[in-house]
Amino acid sequence: MLTFTKRKDGFTVVELLVVIAVIGILATITIIGYSGFQRQARNASRIDYAQQFVDIVKIAATENKFNDIVAAMDHADGWDKACLGTGYSDRTGDGRADCAVFDGASYISDTPTFNTLLSGTALPSMAKYSPVTSTDGDVTYGPYVYSVAVDGTQSIVMEYVLEGLNQTCMVKPLVYPSGSLYTLTPPANAKSSVSAYGVTECWVMLIKDS
């Protein structure tokens with residue numbers, strides 16, 4: 001004669017551990033997915049700002065000579081550069097607002113003369129721009145421009161940075177490193193100018209000296 005043993009109500013310890021493990025895995029997947037979505041949203045905002053500045057600088061180029069635009073930049077440290085936009089903060093205590101800091105030291109600061117040159121168009125405030133931090137200690141608080149030779153012609157290039165490696169730089173045309181030089185010729189399958197130290201750098205050609 002068969003006999004049946006009635007199971008007691010509740011879960012065994014093993015069953016509870018399995019349930020807890022499954023919940024943990026699902027929670028991790030949800031957090032990773034949400035984090036990735038947030039990064040995409042921040043990068044989309046940075047790309048939108050970059051496109052606005054392309055239009056602003058190109059308008060200024062129709063009203064000013066190339067050399068006058070370069071002359072309005074900051075000339076410290078042996079190269080010409082300037083932050084794009086307004087609303088930056090003094091990150092290093094030197095009395096100047098900064099858009100790029102490396103290892104605690106500013107290397108690109110707000111330049112009033114450059115902002116004045118661009119003032120024909122309302123400049124976006126970067127006060128709410130999401131900064132990007134690379135693993136080598138570089139922090140960018142907004143896009144900036146600098147003067148450099150590209151394929152042998154002095155040019156003005158804009159740089160902005162995206163979170164994460166191997167992101168796609170949507171604003172074109174891109175400038176790429178070529179040894180110690182710069183070129184508009186892309187390497188095979190290039191989606192960005194440089195991808196390293198946990199971030200993606202986008203270098204955009206704005207103006208060439210005619």
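Here is a list: Thr121, Thr200. Which entry is within 28 Å of Asn64 (Cα to Cα) and either touching a strand residue (DSSP E or B) at 6+ places or on another chain (Cβ under 9 Å) or part of a loop (DSSP other than H, G, I, E, B) (or both)? Don't jump to the end; show me each part of the working.
Values: Thr200 fails: within 28 Å of Asn64 (Cα to Cα).
Answer to the selection: Thr121.
Restricting the search to segment 146-172, which residues are closer than 18 Å to Ser45 by Cα and in contact with a Leu (Cβ under 8 Å, 6 or more places away or on another chain)?
The answer is Met158, Cys169.
Which of the following residues is at pLDDT below 95 and surrounded by fewer than 13 Cβ atoms within 10 Å (Cβ to Cβ): Asn189, Asn166? Write out each step before concluding.
Numbers: Asn166 fails: at pLDDT below 95.
The match here is Asn189.
In segment 183-197, what residues are within 13 Å of the chain's Cα centre (by Cα) and part of a loop (DSSP other than H, G, I, E, B)? Spell out how you get there, then give the answer.
Keep residues of segment 183-197 that are within 13 Å of the chain's Cα centre (by Cα), which gives 192-197.
Within segment 183-197, Ser192, Ser193, Tyr197 meet the criteria.
With the structure loaded, tell me whether Ser130 is modelled with pLDDT of 95 or more and in a loop (DSSP other than H, G, I, E, B) or whether it fails that test. Walk me through how you get there before you give the answer.
On the way: modelled with pLDDT of 95 or more: yes; in a loop (DSSP other than H, G, I, E, B): yes.
Taking the combined requirement at face value, the residue satisfies it.
Listed here are the residues, each with its yes/no results for (1) crowded, with 20+ Cβ neighbours inside 10 Å; (2) under 15 Å from Tyr144 (Cα atoms); (3) modelled with pLDDT of 95 or more; (4) within 17 Å of the chain's Cα centre (by Cα).
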| residue | (1), (2), (3), (4) |
| --- | --- |
| Ile69 | yes, yes, yes, no |
| Met73 | yes, yes, yes, no |
| Asp77 | no, no, no, no |
| Ala82 | yes, yes, yes, yes |
| Gly85 | yes, yes, yes, yes |
| Ala100 | yes, yes, yes, yes |
| Tyr107 | no, yes, yes, yes |
| Pro112 | no, yes, no, no |
| Leu118 | yes, yes, no, no |
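The values are calculated or read from the model by the stated rules, or taken from the named source; none is laboratory data. Here the structure is a predicted model, which means the values were calculated and not measured. Every residue, glycine among them, receives a Cβ derived from its backbone with ideal geometry; neighbour counts consider all protein chains shown.
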